[in-house]
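Notes follow once the structure below has been shown.
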């Protein structure tokens, strides 16, 4: 005997739809929070910059007492341009705390002429052809605290420890004299970022400090573009100015440079 069976009752699928819609809406609303969290913690980044530097002035005297004389290195070597570059590692250690490590070599050497007698390191260099070398390499470690991050603007401030490795050398007809100086210089640091358009940023980067014995200033204006979330390109104008006036040495120099940069973010 064949008996008819009633089909099993099934829960209407429509009952699940409100729950699915709620889950999709919740996940969609969470996306901006995730994006904001990623923006607040961009991760470490490595920047390489290369370009040209022009010597606006470069005056020295060592030791800083008679019979040694002041002379202009740039009048011997010319104003440039000279190749320059920088390597910077930025490392966030929290939502508002940043570390920065920098290597910035700067050097030039040229043979030129002098119209005056130069006494340098108690040695006499006669008027005529002479070779001048100048080196000012910087190694820096910096801490910066983000004290303002609202809208299109971010500002950070902190302190930098700069290790300078500098040398001036003159050579003429087999006679060579040099003056080298390696020391620690504390600097104040201020950085501002203006996000003026999607994926575009303007940056002010300042490190410097002054005292009666001298000063050190390194300031840059930069425009950067985020090509991808990991890669950015930039162009910058940078001014490096400073020197010292003490019993051992008198030296003041200024360099203006134009730099192109590539930044890779490790996310």
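The values are calculated or read from the model by the stated rules, or taken from the named source; none is laboratory data. Keep in mind that what you see is a predicted model, and the values were worked out from it rather than measured. Virtual Cβ from ideal backbone geometry, glycine too; neighbours counted across all protein chains shown.
Would you check if residue 164 is in a strand (DSSP E or B), surrounded by 15 or more Cβ atoms within 10 Å (Cβ to Cβ) and at pLDDT below 95?
On the way: in a strand (DSSP E or B): yes; surrounded by 15 or more Cβ atoms within 10 Å (Cβ to Cβ): yes; at pLDDT below 95: yes.
Answer is yes for this residue.
Out of the strands (runs of 3 or more DSSP E) lying entirely within the range 100-156, which hold 2 or more residues that are closer than 21 Å to residue 49 by Cα and without any contact (Cβ under 8 Å) to a residue 60 or more places away in the chain?
Output list reads 107-114, 128-150.
Which of the following residues is part of a helix (DSSP H, G or I) and either surrounded by fewer than 10 Cβ atoms within 10 Å (Cβ to Cβ) or modelled with pLDDT of 90 or more (or both): 47, 28, 59, 69? Walk me through how you get there before you give the answer.
Details: 47 fails: part of a helix (DSSP H, G or I); 59 fails: part of a helix (DSSP H, G or I); 69 fails: part of a helix (DSSP H, G or I).
It is 28.
Please find, within the range 229-264, the residue that is nearest to the chain's Cα centre (by Cα) out of those that are outside any strand (DSSP E or B) and surrounded by fewer than 19 Cβ atoms within 10 Å (Cβ to Cβ).
In the first step, residues of the range 229-264 are kept if they are outside any strand (DSSP E or B); the result is 229-230, 246-249.
Next, only the ones that are surrounded by fewer than 19 Cβ atoms within 10 Å (Cβ to Cβ) stay: 229-230, 246-248.
Details: 229: 20, 230: 19, 246: 28, 247: 31, 248: 30 Å.
Top of the filtered list is 230.
This table checks each residue for (1) in contact with a strand residue (DSSP E or B) (Cβ under 9 Å, 6 or more places away or on another chain); (2) at pLDDT 95 or above; (3) surrounded by 15 or more Cβ atoms within 10 Å (Cβ to Cβ); (4) farther than 29 Å from residue 245 by Cβ.
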position: 80; (1), (2), (3), (4): yes, no, yes, no
position: 84; (1), (2), (3), (4): yes, yes, yes, no
position: 91; (1), (2), (3), (4): yes, yes, no, yes
position: 98; (1), (2), (3), (4): yes, yes, yes, yes
Out of 229, 198, sole residue that is touching a helix residue (DSSP H, G or I) at 6+ places or on another chain (Cβ under 9 Å) and either in contact (Cβ under 8 Å) with a residue 60 or more places away in the chain or farther than 30 Å from residue 113 by Cα (or both): 229
Name the single residue that is farthest from residue 230 (Cα to Cα) among those in the range 184-201 being within 15 Å of the chain's Cα centre (by Cα) and surrounded by fewer than 16 Cβ atoms within 10 Å (Cβ to Cβ). 188
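Which one of 267, 169, 215 is exposed (fewer than 14 other Cβ atoms within 10 Å of the Cβ), over 16 Å from the mean Cα position of the chain (by Cα) and either in contact (Cβ under 8 Å) with a residue 40 or more places away in the chain or in a strand (DSSP E or B) (or both)? Even if it seems obvious, please write down each step before you answer.
Details: 169 fails: exposed (fewer than 14 other Cβ atoms within 10 Å of the Cβ); 215 fails: exposed (fewer than 14 other Cβ atoms within 10 Å of the Cβ).
Result of the check over 267, 169, 215: 267.
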If I ask for residues that are surrounded by fewer than 17 Cβ atoms within 10 Å (Cβ to Cβ) and under 13 Å from residue 121 (Cα atoms), which ones from the range 172-183 would you list? 175, 176, 178, 180
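Looking only at the range 188-203, count how many residues are assigned to a strand (DSSP E or B) and over 19 Å from residue 103 (Cα atoms). Break it down stepwise before answering.
As a first pass, look at the range 188-203 and keep what is assigned to a strand (DSSP E or B): 188-197, 200-203.
Of the ones still in play, those that are also over 19 Å from residue 103 (Cα atoms) are 192-197, 200-203.
Qualifying residue count for the region: 10.
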